[in-house]
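The structure appears right after this line, and notes come after that.
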There are 4 protein chains.
Amino acid sequence: MSAPAVGPRRDGDRRLTARGEERKRQLKAFAVSRFAEKGYHPTSVAELVAGVGVGKGVFYWYFETKEQLFLELLHDAQRDLRHARQTAIGPACAPVRRIELGIRASMRWWADHRDLVNLFQFAATDERFAPALRRGQERAVAETAGHLTEAMAAGSVPGGDADVLAQAVLGATLHLARERIHAQGEDADEVADAAVAFCLGGLHHR
Amino acid sequence: MSAPAVGPRRDGDRRLTARGEERKRQLKAFAVSRFAEKGYHPTSVAELVAGVGVGKGVFYWYFETKEQLFLELLHDAQRDLRHARQTAIGPACAPVRRIELGIRASMRWWADHRDLVNLFQFAATDERFAPALRRGQERAVAETAGHLTEAMAAGSVPGGDADVLAQAVLGATLHLARERIHAQGEDADEVADAAVAFCLGGLHHR
Amino acid sequence: MSAPAVGPRRDGDRRLTARGEERKRQLKAFAVSRFAEKGYHPTSVAELVAGVGVGKGVFYWYFETKEQLFLELLHDAQRDLRHARQTAIGPACAPVRRIELGIRASMRWWADHRDLVNLFQFAATDERFAPALRRGQERAVAETAGHLTEAMAAGSVPGGDADVLAQAVLGATLHLARERIHAQGEDADEVADAAVAFCLGGLHHR
Amino acid sequence: MSAPAVGPRRDGDRRLTARGEERKRQLKAFAVSRFAEKGYHPTSVAELVAGVGVGKGVFYWYFETKEQLFLELLHDAQRDLRHARQTAIGPACAPVRRIELGIRASMRWWADHRDLVNLFQFAATDERFAPALRRGQERAVAETAGHLTEAMAAGSVPGGDADVLAQAVLGATLHLARERIHAQGEDADEVADAAVAFCLGGLHHR
DNA sequence: GATGAATGAGTCTTCATTCAT
DNA sequence: CATGAATGAAGACTCATTCAT
């Protein structure tokens, strides 16, 4: 009754040869840049394969659909951002310091991955991608909220709804990254300083 | 010198009959809900006219293209938001108070116009609409920055880059509206309280 | 959640103008001949619209999909055949005579609608169309079986499973139509005579 | 004069190793079931090799094209059916008895090879396969017609067009196999009894 | 022998837009 | 003003077939 899947993407991730792995990476990288520049819908699969210089079939060898490719891009990006943040925060230290490090790491990542930030923004507007995006964001918020809760318990910041505050921090920081770094071309570290000052101020004095 | 105009599109706003105005309003309202729900690209003109129960010709009588319709929606929304904010702030008073009133008014408007917020978000990701969106946002930021500058001059908040701070405020507030009001269904006024507390904290103590 | 249908095929059958009705008829007629000649799958929608000299969109104005077109063709043909048979049998008379008239009418229809017979044959081999075909065939068999049951009750033919016998009659007759009339080009009436003789013999003497 | 052959396709039947034979048998068996279930066109080569768990190259090692595979399937089936019929009829005996044995043997084979019957039916609708199918069917009809001619000469059945009658027998029997055995799941022997009774009745009394 | 990767023409379908009536 | 019909370029996706490794 159900057509047996065919092609390399049978189970979770078909084993690909080195050449295959490379092709897939090429396609993804090009797709990210195109999606960011022209948008998801206006970018056709034909354009993607042409940009990489391969036949149309190649795309469907590596990805089930254009939609799946986008989801994969989304997941990869979220994993990478999470990793960057966690690496930056490193071993335990004061919770407020961890929040600061998180803000700075995120800002740096966003500065370095302007295209992916654009992808996130689009994903938020499409009912097919919004859930995946939200899940990733919830994780990020939960992490920050965790640090905040610790800080509140330790008395270093006044009590409050940790989740709401974490989201305020995320919103302020991401918006600054987009508007000041991407759009205005300002220096990432300076913007990060301002973001940290603003957010920590907001957290400490309410 | 001028031959009698033909067709309604062409100049800014052809004079429309009352019935015409109503039709146009219907189309716009329906388009907003569809664009918000399914996205701009996945929503077809055919769907819009079917939803309003008119023929395709009607659409092209009132709008030059689907793109123009979206731009018109965008402008209307920005004008309306601006108006809501200005009305709420009203006559002169302390600059920090004006900022607070602006935050509350924006939050209320965003809470009441979930669909339009979605439109804004999409507009940011499409190269054809991003410029228009940006212009509107710059105006909003400039207003807040103006109040901030006044506040700094008056010494009620420490000095700093008013533009960056205004954008941090906008980012935090808008993000909270989306995540706490739209997504979580929280009470707009409570979220507004939290946003105001966070932002004023961020502005005062750095 | 469900995209609102668009275009003319909303409910059962959109009201079409005379011109529209004519276009649809053209497309169907051409499709029947192509499907019969080349088969359903090897015939592309592009070929159909080119054959009628219209743009590709026209096809989808009148039919939801290629599959729906085929089903419509199937239903039309079955209705037409049923009508031809019922007209030929006319008012009540001896049940065996009615069976004979049914055989002759079917044979005549099949002789005149070679393409449609081909469609039926293909429909039987595709899981999407077989059910529809079967339903129509069951009706035809049930009619003949009804006459047969009457004949058995009246003692004009020996008893037996009326359904099986009706199907034997259908099978023999249809096969003869295909092989002798369509393939060999024999005269329809002569083949009908042979079919009637064979079938009535088979029904009377067991 | 002849250079050493390269590749296995080319002449009728390259000699295959035991493993090769087995592989080919597997592919054919799987193809039969798929073609029968989903149809020839909707079944892709990719699906076939995936189902057998081999790479695509294997398919083209054993078969020139998908079309050739189908033809091979068709020929095999026709040969097998012919063989079954001839074996069942066995040594000379009364011609009418031979016809009966032929009907029973065919019915049994059809009952046991539902998938292949489906293949036959599809083959009839495709211009590329119909000729091959027809040739096989003509042989079967000719055999039955031969017995019939003998019977007519011996006076055991009234004279008539032996070919037409043989085809009526084939049509009735095959149709019963499909409708009563395959579709309704009736017992093959019972259906065979009914078919024999009907057909012999039809042959004897006209 | 066998495989995974590649090809690219071809398939069905959609959709913004136009226009005769 | 309004409609239904038409257009045709463009889109996502498929698939028989080939071939380097």
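The values are calculated or read from the model by the stated rules, or taken from the named source; none is laboratory data. Since this is a predicted model, take the numbers as computed values, not measurements. No Cβ is skipped: glycine too gets one built from the backbone with ideal geometry, and neighbour counts run over all protein chains shown.
Here A:G102 fulfils each of the conditions (1) within 16 Å of DNA strand E (Cβ to nearest atom); (2) of a type outside the set (A, V, I, L, M); (3) at pLDDT 95 or above apart from (1).
Do you know which residues across region B:28-75 are in contact with a Gly (Cβ under 9 Å, 6 or more places away or on another chain) and either of a type in the set (F, W, Y) or in a helix (DSSP H, G or I) (or both)? Write out each step before concluding.
Step one: filter region B:28-75 for residues in contact with a Gly (Cβ under 9 Å, 6 or more places away or on another chain), giving B:30-31, B:33-34, B:41, B:46, B:49-50, B:61-62, B:74-75.
Once the filter is applied, which keeps residues that are in contact with a Gly (Cβ under 9 Å, 6 or more places away or on another chain) and either of a type in the set (F, W, Y) or in a helix (DSSP H, G or I) (or both), region B:28-75 yields B:F30, B:A31, B:S33, B:R34, B:A46, B:V49, B:A50, B:W61, B:Y62, B:L74, B:H75.
Can you tell me which residue in region D:153-172 is farthest from D:S106 (Cα to Cα), limited to those that are free of Cβ contacts under 8 Å to residues at least 12 places away in the same chain and at the interface with chain C (Cβ under 8 Å from one of its Cβ atoms)? Even if it seems obvious, please write down each step before you answer.
Kept after step one, since they are free of Cβ contacts under 8 Å to residues at least 12 places away in the same chain, are these residues of region D:153-172: D:153, D:155, D:159, D:161, D:164, D:171.
Okay, now just the ones that are also at the interface with chain C (Cβ under 8 Å from one of its Cβ atoms), so D:161, D:164, D:171.
Working: D:D161: 22, D:V164: 18, D:G171: 12 Å.
My answer is D:D161.
Criterion first (at pLDDT 95 or above, assigned to a helix (DSSP H, G or I), more than 9 Å from chain B (Cβ to nearest Cβ) and under 22 Å from B:D163 (Cβ atoms)) does A:A142 satisfy it? For A:A142, the condition - at pLDDT 95 or above, assigned to a helix (DSSP H, G or I), more than 9 Å from chain B (Cβ to nearest Cβ) and under 22 Å from B:D163 (Cβ atoms) - is not met. Filter region B:87-98 for residues that are without any contact (Cβ under 8 Å) to a residue 24 or more places away in the chain and assigned to a helix (DSSP H, G or I); which is surrounded by the fewest Cβ atoms within 10 Å (Cβ to Cβ)? Selected residue: B:T87.
Residue check: B:R135 meets all listed conditions (1) touching an Asp or Glu at 6+ places or on another chain (Cβ under 8 Å); (2) within 13 Å of another protein chain (Cβ to nearest Cβ) but one, namely (1). Looking at region A:72-82, can you tell me whether even one residue there is at pLDDT 95 or above, within 21 Å of A:L133 (Cα to Cα), within 13 Å of DNA strand F (Cβ to nearest atom) and within 14 Å of another protein chain (Cβ to nearest Cβ)? No, region A:72-82 has no match at all.
Against the conditions (1) away from DNA strand E (no atom under 16 Å from the Cβ); (2) surrounded by 13 or more Cβ atoms within 10 Å (Cβ to Cβ), C:E47 satisfies every one except (1). Against the test of being touching an Asp or Glu at 6+ places or on another chain (Cβ under 8 Å) and within 16 Å of DNA strand E (Cβ to nearest atom), the options C:F59, C:F70, C:F63 yield a single qualifying residue, C:F63. Scanning region A:191-206 for residues that are of a type outside the set (V, I, T), part of a helix (DSSP H, G or I) and facing chain B (nearest Cβ under 9 Å) returns A:A194, A:A195, A:A197, A:F198, A:C199, A:L200, A:G201, A:G202, A:L203, A:H204. Return yes when B:D126 is acidic (D, E), in contact with a helix residue (DSSP H, G or I) (Cβ under 7 Å, 6 or more places away or on another chain) and surrounded by 18 or more Cβ atoms within 10 Å (Cβ to Cβ) and no when it is not. So B:D126 does not fit the description; no.
One line per residue, one yes/no per condition, for (1) within 16 Å of DNA strand E (Cβ to nearest atom); (2) at pLDDT below 95:
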residue	(1), (2)
B:P4	no, yes
B:D11	no, yes
B:Y40	yes, no
B:G55	yes, yes
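Of the set (1) touching a residue at least 60 places away in the same chain (Cβ under 8 Å); (2) at the interface with chain A (Cβ under 8 Å from one of its Cβ atoms), all apply to B:H175 but (1). Looking across region C:29-50 at every residue that is of a type in the set (V, I, T) and away from every other protein chain (no Cβ under 13 Å), the one that is nearest to DNA strand F (Cβ to nearest atom) is identified as C:V49.
For first residues located in region B:102-127 and within 11 Å of chain A (Cβ to nearest Cβ) and without any contact (Cβ under 8 Å) to a residue 12 or more places away in the chain, partners that are part of a helix (DSSP H, G or I) and buried (at least 23 other Cβ atoms within 10 Å of the Cβ) and lie 6+ apart or on another chain with Cβ distances below 8 Å form the pairs B:T125/A:F122. In contact with a Cys (Cβ under 9 Å, 6 or more places away or on another chain), β-branched (V, I, T) and part of a helix (DSSP H, G or I), is that true of D:T173? In short, yes. For region C:84-93, the criterion of a residue being within 12 Å of the chain's Cα centre (by Cα) and either more than 13 Å from DNA strand E (Cβ to nearest atom) or away from every other protein chain (no Cβ under 14 Å) (or both) is satisfied by at least one position.
Residues considered: B:L69, B:L81, B:L101, B:L119. Of these, the only one that is within 30 Å of B:E143 (Cα to Cα), crowded, with 17+ Cβ neighbours inside 10 Å and not assigned by TED's automatic domain parsing to the domain that holds B:S156 is B:L69.
Kindly check whether there is at least one residue in region D:89-101 that is touching an Asp or Glu at 6+ places or on another chain (Cβ under 7 Å) and more than 16 Å from DNA strand F (Cβ to nearest atom). For region D:89-101, residues touching an Asp or Glu at 6+ places or on another chain (Cβ under 7 Å) and more than 16 Å from DNA strand F (Cβ to nearest atom): present.
In region D:95-136, how many are closer than 24 Å to D:A153 by Cβ and among the hydroxyl-bearing types (S, T, Y)?
The first filter runs over region D:95-136 and keeps only residues closer than 24 Å to D:A153 by Cβ, leaving D:95-106.
Those still in the list that are among the hydroxyl-bearing types (S, T, Y) too: D:106.
The qualifying residues number 1.
Just one of the listed residues (C:G20, C:G53, C:G57) is surrounded by fewer than 16 Cβ atoms within 10 Å (Cβ to Cβ), within 12 Å of DNA strand F (Cβ to nearest atom) and in contact (Cβ under 8 Å) with a residue 24 or more places away in the chain, and it is C:G20.
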